[in-house]
Amino acid sequence: MARIIGGIGTTHVPSIGKAIADGKQNDPYWKPFFSGFDYVHQWLAREQPDTVVVFSNDHGLNFFLDKLPTFAVGAACEYRNEDEGWGIPVSRPVPGDPALSWHLINRLVGDGFDITMCQDMLIDHAVTIPLSLMWPDFNWPVRIVPISINTVQHPLPSMARCLELGRSVGRALVSYSEDKKVLIVGTGGLSHQLDGKRAGFINKAFDTHCMDRLAHDPEALAQYSILQLVELAGAQGVEFLNWMAMRGAMPGEVGELHRNYHIPISNTAAATLVFENRPRAQRKAA
Ligand SMILES: [Fe+2]
């Protein structure tokens, strides 16, 4: 069966890709952020996942405001990156894991999630930048299953619904017959707002609150409405929905291994969080 090794939450700001392309990782502005990935590199080298399930939001590369699925699951053999105009080099295609994708799709629909299934899907910076941060030599040694959550066009799915989406994915992974190690990734956030009167809004207290509770009490976070999330995290801080799904997809005992939080990266609060997912202790027979 698939074994879920853990989860990583990470920002996906486009300017990170430009900083990587320009070799600015050790510049004073960038070093506090990039150094937060030293632990991630060591952990991934040790754990060596085979497949990454990535929860992220599309930024207009596949879906625009005219048609925007609430949840979309990739089922392609490979995922191409295309130029989005941020000055980021276009990445090489990333291999998919279509057999696992279809297993997840079947289980998600069986659980009542009316997802959109995508046999052709592009990946944007919300996927390629986290991959570049996790494996900075660009030799990404994994297959991916991208799952897109609408964080753009209201009405958005609720925090509780995204947690449940993740839980459905976690149950599906545990029931998968093929032996493989799976990493769960949620990208985006944390607090930020790019437009309107509150442009530049960052809420460190709320970000800390979310990171403190995500491992052990995600249900408390699931109580926040989308309106409250917009107020507390900013209009684009709602990308935390991807982190909620990531947390939900870990059905075991979840513990925090590493955290980095840095303000600002391109007007956002940039966070990195690593969770381990240990199998739950077997109950002794009575
Ligand atoms: Fe984003």
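The values are calculated or read from the model by the stated rules, or taken from the named source; none is laboratory data. Please read all numbers here as calculations on a predicted model, not as lab measurements. FYI the Cβ positions are ideal-geometry reconstructions off the backbone, even for glycines, and counts take in every protein chain you see.
In the stretch 96-116 there is no residue that is within 16 Å of the ligand (Cβ to nearest atom) and not in a loop (DSSP other than H, G, I, E, B). Check the stretch 78-86 and report whether any residue there is under 18 Å from Gly166 (Cβ atoms) and out of contact with any Ser or Thr (no Cβ under 7 Å at 6 or more places or on another chain). Checked against the condition, which is being under 18 Å from Gly166 (Cβ atoms) and out of contact with any Ser or Thr (no Cβ under 7 Å at 6 or more places or on another chain), the stretch 78-86 yields no hits at all. The residues of the stretch 269-286 that are modelled with pLDDT of 95 or more and over 21 Å from Ala249 (Cβ atoms), listed by number, are Ala269, Ala270.
When the stretch 49-68 is filtered for residues that are within 21 Å of Ala172 (Cα to Cα) and surrounded by fewer than 19 Cβ atoms within 10 Å (Cβ to Cβ), only Asp50 remains.
For the stretch 64-81, the tally of residues that are out of contact with any strand residue (DSSP E or B) (no Cβ under 7 Å at 6 or more places or on another chain) and in contact (Cβ under 8 Å) with a residue 60 or more places away in the chain stands at 3. Residues in the stretch 190-204 include at least one that is more than 16 Å from the ligand (Cβ to nearest atom), surrounded by fewer than 24 Cβ atoms within 10 Å (Cβ to Cβ) and in contact (Cβ under 8 Å) with a residue 40 or more places away in the chain. Residues of the stretch 1-33 that are among the hydroxyl-bearing types (Ser, Thr, Tyr) and away from the ligand (no atom under 16 Å from the Cβ): Tyr29 alone. Annotation note: of His216, His258, the sole residue that is of a type outside the set (D, E, K, R), surrounded by fewer than 16 Cβ atoms within 10 Å (Cβ to Cβ) and touching a strand residue (DSSP E or B) at 6+ places or on another chain (Cβ under 8 Å) is His216. Residues in the stretch 27-47: is at least one in contact (Cβ under 8 Å) with a residue 24 or more places away in the chain and more than 17 Å from Asn260 (Cα to Cα)? Yes.
Only one entry in Thr151, Thr128 is in contact (Cβ under 8 Å) with a residue 40 or more places away in the chain, crowded, with 20+ Cβ neighbours inside 10 Å and not in a helix (DSSP H, G or I), namely Thr151.
The set of residues in the stretch 228-286 being among the basic types (Lys, Arg), closer than 25 Å to Val13 by Cβ and in a strand (DSSP E or B) consists of Arg259 alone.
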